[in-house]
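Colleague: First the structure, then my questions, so here it is.
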Amino acid sequence: MALQSDYYSEDPQFHGGPVPASHRRPMISNDGFVEQGDVFLEESLLRDERRLEIAAIWGAILKHRWVIGAVIGACLILGLAVTLLTLPLFTAKTTIQIDRESSKIVEMTDLAPREALTGAEFLDTQIGLLKSDTLARRVVQNLQLARDRDMRRFAGLDPAGAEVPTAARIEDRLTGLVMARTSVRQQGLSRLVTVEFTSPDPDLSARVANALAENFQTLSLERRFESSSYARQFLEERLAQVKQKLEDSEKELVAYGAQQQIINVTPAGSGSTAPADSASQSLTAADLSAINSMLTAAKGERIRAEQRWRQSLSMSILSQPEALGDPTIQALLQQRAKLASTYQEQLKVFAPGMPEMQQLKAQMDEVDRQLTAAGESIRSSIRSRFEVVRSQEISLAVQVEGLKDSFINLRERNIKNTILQREVDTNRTLYDGLLQRYKEVGVAGGVGNNNVSVVDRARPSSGPSSPKLLLNMAIALAAGLVLAGATTLFLELLDEAIRTPDDLSAKIGLTTLGVIPVLNRGMTPLQAFSDPRSGLAEAYTSTRTALQFASSSGAPRSLLITSSRPSEGKSTTSTTLGRSFAQLGLSVLLIDADLRNPSIHRLMGVSNAVGLSNVLTGMDLQAVLQDADQQGLQVVSSGPLPPNPVELLAGPRLLDLLREAQARFDIVILDGPPIIGLADAPILAARAAATLIVVESAVARRSVVRMAIRRLFQARANILGAVLTKFDAQTAGYGYGYGYGYAYAYQYGQRPLQKKDA
């Protein structure tokens with residue numbers, strides 16, 4: 001661990017004392033380079049900070065292990081007691097399937113869009129209905145749970161000596177119990193829903209669970225029927241209104257038509273229910289349409305007859321199509337051809353003037369005359385046909401013109417009739433649609449289908465669902481761990497005792513220079529130190545080594561050893577460190593600076609007739625020096641106890657003594673008095689080159705040690721660090737072996753401690 005003297009702070013409050021890590025700055029040597037070893041150690045400490053925090057937590061657990069064990073044990077016992085004393089409950093579950101349903105009263109598109117429930121919202125709604133008061137109350141009534149003794153006892157309705165509740169209060173209480181003991185949950189993303197009920201009786205749980213599913217089915221059908229009933233009632237009212245409105249509009253239409261003499265006819269092939277503007281028309285319009293059609297046909301006939309007449313004028317009579325098809329003319333033509341043939345044959349024999357020839361000629365002329373008369377008759381008939389068709393056209397044109405005037409007058413009178421007719425058609429369409437929907441609702445209301453079906457019925461459970469021993473014990477264990485952790489934290493916050501080396505740095509801010517183990521009963525420090533392998537000897541050797549590296553020049557020339565309160569081991573530390581430094585061949589002067597309760601003369605076995613008090617009053621140092629039982633170590637006892645030790649220590653003789661002692665000895669160790677309550681220690685700390693504080697493990701209090709350090713700060717003392725004495729790794733909570741010092745006292749009963757740099 002980096003030593004305190006290797007750091008300085010710009011904050012005056014840490015002048016001459018321990019500097020926290022947040023205020024430390026590495027000292028720069030005269031050559032201007034950084035002390036590489038200290039920087040490396042500081043970086044190592046930062047890397048190990050988290051590991052040390054975990055070790056501190058583990059140390060706190062070990063320190064309070066009996067409290068932690070007691071708390072956890074109490075929680076486990078309490079959990080076991082609660083489990084054994086809790087009434088066993090049995091859970092029965094039934095599984096139902098809820099399909100999506102959608103019902104509409106009137107099939108027409110809304111003017112504004114309406115949001116539809118999603119699948120999740122629909123199932124959430126159904127689950128809410130399964131937890132409703134209405135369903136629970138219905139189950140209570142159907143199963144007559146008010147008469148069930150187990151259920152009444154479970155609901156707390158039969159306490160001894162209590163007032164008998166009313167039937168309504170019993171039903172309300174049981175309804176609330178059913179709702180509280182009913183659990184409804186969806187199975188994943190499916191449409192399957194599990195309904196569970198818990199009670200002390202497995203058979204009762206199964207009956208209630210099945211009753212919940214069955215009554216939910218019934219309620220679903222009833223809601224559907226009620227919806228159909230409402231739809232039928234609504235449609236009946238609307239049908240009556242629309243029917244009356246249709247009758248009124250038809251009456252008004254008929255009355256207006258009779259008043260205005262508007263007669264509408266329906267063309268053949270049109271439906272009787274077709275709208276008036278497309279399937280019916282007035283009588284005038286019908287006549288106009290018919291005569292106009294006849295006029296159009298007459299015009300065509302007249303044009304054809306005229307063309308035929310004009311064609312007959314430009315053609316010979318016998319080439320007319322009518323002549324070619326006339327049998328009389330065909331017979332005459334045949335007769336003429338026969339007479340002409342006979343005439344030509346006779347002409348070969350007889351002369352044209354012969355009577356026979358004249359007779360044939362006369363016959364031929366008669367036939368020609370008859371042919372001409374027949375042709376003229378045909379031409380006359382063609383002309384007559386043309387004249388007749390033209391007369392019909394003229395007559396029809398006159399009638400059409402007359403009907404046009406009548407139709408225009410009728411259209412003016414038919415405007416309101418059309419409006420009335422459209423109103424009648426609209427009312428008839430609305431009436432027909434409502435009537436059709438009324439029939440559909442009636443059919444749908446009579447169908448007994450249901451969107452709720454039972455998949456698995458509930459069966460009595462073979463074992464209780466609660467209490468669960470393992471779960472309760474796990475909860476008790478978790479609660480015990482939490483409570484034990486809180487108790488440990490609370491005890492740690494209240495604990496001001498400095499027990500471990502980490503407490504010195506965490507609670508006080510001092511660098512730990514040594515950890516001195518507690519001795520076994522009957523063992524004196526001198527006996528333990530006399531054995532180089534003892535834990536105490538190794539610990540003080542480690543402390544001596546740390547002091548040797550306390551500064552760049554080595555161990556301080558004058559060192560004050562003090563403590564916050566008496567009996568913390570400062571005198572033992574002073575004598576043992578003096579012996580340890582003497583073992584290195586150094587000349588050591590041990591001064592008992594406690595002029596109130598000296599103890600060095602007893603520990604070192606020297607006289608206390610003369611000593612420090614004599615030197616401070618004018619005696620020479622050489623006159624009070626006494627040899628100890630170890631080579632290189634000399635002792636100055638306290639001497640006679642003065643009435644005013646503070647005045648003696650504050651005088652100039654103390655500085656002269658220290659200068660002379662430092663000139664003659666390699667190191668001067670002052671065993672000072674306690675700090676709290678006395679002014680001696682701050683005066684000595686101000687005169688000495690360095691100060692070492694002794695802290696007794698598990699006895700020293702944080703507030704007391706801090707107060708002592710504050711007093712030393714006020715005296716501008718140079719505090720190197722602290723030595724933790726009487727340390728017991730077992731009682732301090734470090735049973736696995738603490739990481740300070742060396743393997744302490746293998747033959748003296750101390751547990752071996754792992755080495756760690758001081």
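Only the coordinates and a few stated rules stand behind these numbers; no lab work does. As the structure is a prediction and not an experimental result, all values here were calculated from the model. Neighbour counts run over all protein chains shown; Cβ positions are idealised from the backbone, glycine included.
Colleague: Taking residue 361 as the anchor, which lysines have their alpha carbon closer than 16 Å to its alpha carbon, excluding any fewer than eight residues away along the same chain?
Modeller: Filter leaves 338, 348.
Colleague: Would you kindly derive the ³J(HN,Hα) couplings of the stretch 242-255 from the backbone phi angles with the Karplus curve 6.51 cos²θ - 1.76 cosθ + 1.60 (θ = phi - 60°), listing them in order in whole Hz, with x for Gly and Pro?
Modeller: 3J(HN,Hα) across the stretch 242-255, in whole Hz: 5, 5, 4, 5, 5, 4, 5, 5, 5, 4, 5, 5, 5, 5.
Colleague: Given charges of +1 on the Cβ of Lys and Arg and -1 on the Cβ of Asp and Glu, with all other atoms neutral, how large is the dipole of the stretch 496-727 about its Cα centre, in debye to the nearest 20? Please report the intermediate quantities before stating the final value.
Modeller: Working: 22 positive and 18 negative charges, 128 e Å.
The dipole magnitude comes to about 620 debye.
Colleague: Which of the peptides 544-556, 341-353 is most tightly packed, and how do the rest follow, judged by the mean count of other Cβ atoms within 10 Å per residue? Each step should come with its number before you reach the end.
Modeller: Details: 544-556: 18.2, 341-353: 11.5.
Order by mean packing, descending: 544-556, 341-353.
Colleague: Per the Cauchy relation, a quarter of the hull surface: what is the mean projected area of the convex hull of the alpha carbons in the stretch 496-727, in nm²? Could the numbers behind the result be given before it?
Modeller: Working: hull surface 46.2 nm².
Mean projected area of the Cα convex hull: 11.5 nm².
Colleague: How much length would be gained if the chain were fully extended between residue 341 and residue 523, taking 0.36 nm per residue of separation minus their Cα-Cα distance, in nm to one decimal? If you can, show how the numbers build up before the last one.
Modeller: Working: separation 182, 0.36 × 182 = 65.52 nm, distance 18.79 nm.
That pair, residue 341 and residue 523, stretches by 46.7 nm at full extension.
Colleague: I've got another one for you. Among all the lysines, which ones have a C-alpha under 30 Å from residue 404's C-alpha, if same-chain residues fewer than 8 places away are not counted?
Modeller: 251, 299, 416
Colleague: Place the peptides 465-472, 135-142, 80-87, 203-210 in order of packing, highest mean first, counting for every residue the other Cβ atoms within 10 Å and averaging per peptide.
Modeller: Values: 465-472: 13.6, 135-142: 19.9, 80-87: 12.0, 203-210: 22.1.
Final packing ranking: 203-210, 135-142, 465-472, 80-87.
Colleague: Sticking with this structure for a sec: Where Lys and Arg each count +1 and Asp and Glu each count -1, what net charge lies around residue 616 among other residues with Cβ under 15 Å from its Cβ?
Modeller: Numbers: positive: 596, 653, 659, 687; negative: 592, 594, 620, 647, 656, 660, 680.
Around residue 616, the surrounding residues sum to -3.
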